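Input: a single structure, listed below in structure tokens.
Throughout, read-outs are computed from the coordinates displayed, never taken from laboratory work. From a predicted model like this one, the values you see are computed outputs, not experimental measurements. We place every Cβ from the backbone using ideal geometry, glycine too, and count neighbours over all the protein chains shown.
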Amino acid sequence: MSHKNREEQTVQDKMHEIIFGAHTTQGWLFDMALLVVIVLSVISNSLETVAGFENRWEDALFWASWVFTGLFTVEYALRIYCVKKPWRFIFSFWGIVDLLAILPEYLLFLFFSAGGHASAFSAIRSLRLLRVFRILNLSWFQREGEDLGNAIWRARGKIVVFIMVVLIIVTIAGTIMYDVESTFDPDSKFTSIPMGIYWAIVTMTTVGFGDIVPKTTGGQFISAILILVGYSLIIVPTGFVSAEVLDRKRRRVISTVSCPSCLTEDHDDDALFCKYCGGEM
């Protein structure tokens, strides 16, 4: 968004409006085209891992990968160009994701071989599909995610205490289980206290791999108690976060307009200045 007259807009302003905004037709088309390229890139990377497919279409997949990398490189460079504070974008979440989408390909090309390819690392490109929220005017999903992250951060003290309590419980339970099983079962798989702690963690989280199980009556009794404790404690951190979310719950319409200076959204449609950094919109 820009409240400048179209005649007064610079090339940088127009590019920022198209690349970072989904409120205009040009911006919507740009984001839609970008999402199509991202989806095709993810599909191409996935096909490279299919047995028999890579050998048959090796050249096509190789060149397709470099075409996608080239397009993402141009897009990344344009994003840096059209923001007023490039370093803020470069070190932002989306800036890092955009960089990781292209960097592995170049690193493998430089340090391994011209035919090197970063299929695993290129899967990071799928994260960029989150931009569909902007296109579909569902940016409030991102806001809800931010609210959840803030709630977890505000409840961090309680969560740390909870984790410490859990660690103490599994340490005590693992130690007791080791003593009981190793004493009354000569063939016990509880060969050490760390092994007992591992079993306690698996049991308390109700995962239950079954690779180590108690065979004595005392060990089975301890196992039953620990399972009940695990069921009781597993909901505790959820309660902490839920309380914080409900305490700060807000319902409002979120705009997809991005500030050219700090890249933050959530501005009123008629805003002339950013409410976060004060920069001109």
Rounded to 0.05, the calculated FRET efficiency for the beta carbons of Thr191 and Thr217 at R₀ = 25 Å is 0.80
Counting other beta carbons within 10 Å of each residue's own, what order do Glu75, Glu105 fall into, fewest first?
Glu75, Glu105
Projected area, mean over directions - the range 162-201, Cα convex hull, nm²:
2.3
Please report, in cubic angstrom per residue, the volume enclosed by the convex hull of the alpha-carbon atoms of the range 156-242.
76
